[in-house]
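What follows is a single structure, written as structure tokens, with notes after it.
Every read-out reported here was derived from the displayed coordinates using simple, explicitly stated rules and does not represent laboratory data. Bear in mind that the values here come from a model prediction, so they are computed numbers and not experimental data. In this analysis, Cβ positions are derived from the backbone assuming ideal geometry, glycine residues included, and neighbour counts consider all displayed protein chains.
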Amino acid sequence: MIRQAVPEDAPRLREVARAAKAHWGYDEELVRTWAAGIEPKGEIEVAEEHGALVAAADRARELGASALGARVVGEHLSEWNRMTPVMRFDL
């Protein structure tokens, strides 16, 4: 079942996010610290299987800067050692 997340989902959302990052081989302590600080917000949808939350997705990209007219003008290396887009708004 797919449904909107509720505040009570926060602890499990942190577990799912931690497991997802850990899967990619990031430093365990960095992942643990990052996940502990997550405060879910925005439009998050969760998937439940047999009453247990098993996955989550947010619509940040769809509803974020790109939807407001920003464009990618470059990339930058994140603290996770991954390339992320640098976005620009033309005013």
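Work out the charge dipole of the chain with +1 on the Cβ of Lys and Arg and -1 on the Cβ of Asp and Glu about the Cα centre, then indicate which of ILE2, GLY25, HIS76 is farthest towards its positive end. Going by the Cα projections, it comes out as HIS76.
Gyration tensor analysis over the Cα atoms of the range 1-58 returns equivalent ellipsoid semi-axes of 21, 12, 9 Å (largest first, whole Å). If only the Cβ of Lys and Arg carry +1 and only the Cβ of Asp and Glu carry -1, the dipole of the chain around its Cα centre is close to 220 debye. Can you tell me the 0 to 90 degree angle between the C-alpha axis of helix 10-23 and the longest principal axis of the chain, rounded to 10? Helix 10-23 sits roughly 70 degrees off the main axis of the chain.
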